[in-house]
Amino acid sequence: MKPLIATTLALLFAVTSGWAVTACDRNDEPTAVSDNASTGDGTTNTPEDNDNDNPEAPDAMTLKMKIGNSTFSVTLADNATARAFADLLPLRLNMSELNGNEKYVYLDQSLPAQASSPGTIQTGDLMLYGSSCIVLFYENFSTSYHYTRIGRVDNPAGLAAAVGSGSVTVSFEH
């Protein structure tokens, strides 16, 4: 009986003290490396007051994401978070591995966030966790965590192979 009580107390302690696995692990905070300290041109084809996060909007902005020798097109969501992210470009991010399904990095600055639970993460989702953690997902899975959508890789075939199993450098540009 004592081992059962000890296990239950340890589990309760782990959950209430933040040991639960999250989308970004604050204990290992890789940082973003900017290729250009100035912001990009900051222009988009979408109105500033429209925070619809549909990345398939007719005037959606796209950007290039490079990982090693692979290049992917990313369609940005139509929201303040995606516009703020685009204003930071070009970016070169040293992203760390987490959970065998995502790469993440903490930016030195916060982005606007309006997190919601997507329920299911799709391969190629580019999300913001909290206000400064950029997350690139390379596997599908269900989640109860809350994210703000930045965009989605248009054709994620080959994404998992490109990011590999450890840390990876990912470049974003207009």
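The values are calculated or read from the model by the stated rules, or taken from the named source; none is laboratory data. Everything numeric here is computed off the predicted structure, so don't read it as measured data. FYI the Cβ positions are ideal-geometry reconstructions off the backbone, even for glycines, and counts take in every protein chain you see. When the accessible area is computed, the model is the full protein with side chains, heavy atoms only, and any ligands, DNA or RNA have been set aside. Shrake-Rupley method; radii C 1.70, N 1.55, O 1.52, S 1.80 Å.
Tabulated values for the structure
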item	result
Residue in region 69-80 that is surrounded by 15 or more Cβ atoms within 10 Å (Cβ to Cβ), among the small types (G, A, S) and part of a loop (DSSP other than H, G, I, E, B) present	yes
Strands (runs of 3 or more DSSP E) contained in region 85-131 and holding at least 3 residues open to solvent by 10 Å² or more (accessible area, probe 1.4 Å), farther than 19 Å from D154 by Cβ and not hydroxyl-bearing (S, T, Y)	91-98
Flag if T81 is farther than 14 Å from L136 by Cβ, of a type in the set (V, I, T) and out of contact with any Leu (no Cβ under 9 Å at 6 or more places or on another chain)	no
Scope region 162-174; condition of a type in the set (V, I, T) and either open to solvent by 30 Å² or more (accessible area, probe 1.4 Å) or touching a Cys at 6+ places or on another chain (Cβ under 7 Å) (or both); matching residues	T169
Single residue of region 139-161 satisfying the filter (open to solvent by less than 70 Å² (accessible area, probe 1.4 Å) and part of a strand (DSSP E or B)) that is modelled with the lowest pLDDT	F141
